[in-house]
Amino acid sequence: MTTECPTWLSLSEQAAGLDSREISSVELVTAHFDRIAEINSATNAIVTLDPERALAAAREADRRRAVGEEGMPPLCGVPMTHKDTHDTAGMRTTYGSELFADHVPQRTSTVIARLQSAGVISTGKSNVPEFAAGAHTANRAFGTTRNPFDTTRSAAGSSGGAAAAIACGVQAAGDGSDTGGSLRLPASFNNIVGLRPSHGWIPRTFPEDPWQWLSQPGFMARTVDDVAWLMELCSGTGSGPVSPPFGPWRGEATDLSGITAGFSPDLDGLLELEAEVRDVVAGAASVLADLGARLSESVPDLRAARGVFRTARAYEFAANLREVDAAHPGRLKASLQADVDAGLALTAPDLFDFDRARARLWSAMNDYFSTHDVLVTVTSQVLPFSAEDEYPTRINSRPIEDYMAWVDSTTLISATGCPALSVPAGFSSTGLPIGMQIIGPVGGDATVLRVARGFEAATGHARRRPDL
């Protein structure tokens, strides 16, 4: 153990320190709350706290270790806040909405239940956009989460509160979810790792919709290994229609010999990129090649992806929020209301066309990954933008048509159903983080993590911390 604040340790280091009793859970949980107090006025990352129950759980974890109890869960006594769209029984969960400002659910979302089964102590909730709609974490209930590397900038979204907390050393890792980039974009903006897994690794259980495929629960952390460990601890066990186990992950080798990587920052001209984003990610090509990867400029045919994503997203938002909209007419933010309305307006021919387009996209990705192990591109097309804006209105000189159009880099990949991860790739001239996105075939999450781990070890970008 080091003498620095223990919340800066990795998840595995915290677990080892607790098991060896070099640190107590009470000390770790107290340091966690102290760190929130230090950074939250600047970032607004955490919106709900439950210190009394958390410290009681920490004392119980310490007691169990003191008596030498066998079979304790691997993360017993590790503190963690959770994304405020994930239900946590007995703890306020608002979904970033004024309509649920005092909502305390009676059930716990599957992803949180699995973290708790692994021993995590739930300490509070992290900020989100209203009902997780949008890639900028701001809402009328709690305000805006700010980027710890520059508090005038966005922390992205929708898992922006969790990402900022992890980047600031509040906790080593955390849960989130990703529809169109909500794990990957905050990871990119906050210089951490975020994985959108293949469908089913983290299953949903009723009354959640086990068939919902576009939005995926997943994890962020300061290291690839910690994300992989959480995937191993929380995946599988057959509680959903598609629920394979992940792992075991044993810290894959950092060389990339035998890996064929498609490499194209702008997806062969499909994406408009800010210059510094393009230059930083382009520089990663030599790193991957030096690690032994064979690089290709080929990219898959993603022409169907935009329509597939937008139709699926509208459908899921309407399915999830139609009852809230009906009960509270006119209360949703304008951009979210447009999403719900678009879903409710879908016709049977729209869904027939959607199924055919999704099939074409599936075929294109299968063809691509028959000759490539991964595809590498940018995570975000832009640098972290002003925290006062809902979304950037232009990329270079090109106007942005709506609040989803600036994130084609992640939404097009969501439409494929493929696992995708953002890993720190470097920084702008003003010190803003830039992420690189690694995509693999469905079920190829371990390969994605292997490539990210090699790049992480070779570059060290993830070790840079904000000044807060």
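The values are calculated or read from the model by the stated rules, or taken from the named source; none is laboratory data. Quick caveat: nothing in here was measured; it's all calculated off a predicted structure. Positions of Cβ are generated from backbone atoms using ideal geometry, with glycine treated the same way; all protein chains shown enter the neighbour counts. In case anyone asks, the SASA skips ligands and DNA or RNA and just uses the protein heavy atoms, side chains included. Shrake-Rupley method; radii C 1.70, N 1.55, O 1.52, S 1.80 Å.
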Residues being within 22 Å of the chain's Cα centre (by Cα) and at pLDDT 95 or above - total across segment 321-335: 1
The one condition in (1) of a type in the set (Ser, Thr, Tyr); (2) within 17 Å of residue 160 (Cα to Cα); (3) touching a strand residue (DSSP E or B) at 6+ places or on another chain (Cβ under 9 Å) that residue 403 fails to fulfil: (3)
Selection within segment 231-286 - of a type in the set (Phe, Trp, Tyr) and either at pLDDT below 95 or touching a Gly at 6+ places or on another chain (Cβ under 9 Å) (or both): 246, 249
Meets criteria (open to solvent by less than 10 Å² (accessible area, probe 1.4 Å) and either without any contact (Cβ under 8 Å) to a residue 12 or more places away in the chain or over 15 Å from residue 80 (Cα atoms) (or both)) for residue 7: no
Residue match in segment 222-229 (condition: within 13 Å of the chain's Cα centre (by Cα) and assigned to a strand (DSSP E or B)): no
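What do you reckon, is residue 74 modelled with pLDDT of 95 or more, part of a loop (DSSP other than H, G, I, E, B) and open to solvent by less than 50 Å² (accessible area, probe 1.4 Å)?
No: the conditions fail for residue 74.
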Test: residue in segment 37-58 that is over 28 Å from residue 156 (Cβ atoms) and of a type in the set (S, T, N, Q): no
Counted residues, segment 15-60 - those being among the small types (Gly, Ala, Ser), without any contact (Cβ under 8 Å) to a residue 24 or more places away in the chain and either touching a Cys at 6+ places or on another chain (Cβ under 7 Å) or open to solvent by less than 50 Å² (accessible area, probe 1.4 Å) (or both): 2
Candidates 408, 445 - the one that is acidic (Asp, Glu), modelled with pLDDT under 95 and either in contact with a helix residue (DSSP H, G or I) (Cβ under 8 Å, 6 or more places away or on another chain) or over 25 Å from residue 217 (Cβ atoms) (or both): 445
Enumerated helices (runs of 4 or more DSSP H) restricted to segment 273-336, each holding at least 1 residues that are in contact with a helix residue (DSSP H, G or I) (Cβ under 8 Å, 6 or more places away or on another chain) and surrounded by fewer than 16 Cβ atoms within 10 Å (Cβ to Cβ): 284-290, 305-327
Only listed residue being farther than 30 Å from residue 383 by Cβ and β-branched (Val, Ile, Thr), chosen from 151, 110: 110
Residues (among the acidic types (Asp, Glu) and over 18 Å from residue 139 (Cβ atoms)) located in segment 383-404: 401, 402
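Of the residues 53, 35, only one is within 18 Å of residue 112 (Cα to Cα), among the charged types (D, E, K, R) and assigned to a helix (DSSP H, G or I); which?
Result of the check over 53, 35: 53.
Please note which strands (runs of 3 or more DSSP E) are completely contained in segment 86-180 and include at least 2 residues that are crowded, with 24+ Cβ neighbours inside 10 Å.
Here the list reads 121-126, 173-178.
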Members of segment 181-208 found to be farther than 26 Å from residue 105 by Cβ, assigned to a helix (DSSP H, G or I) and under 9 Å from the mean Cα position of the chain (by Cα), listed by number: 184, 185, 187
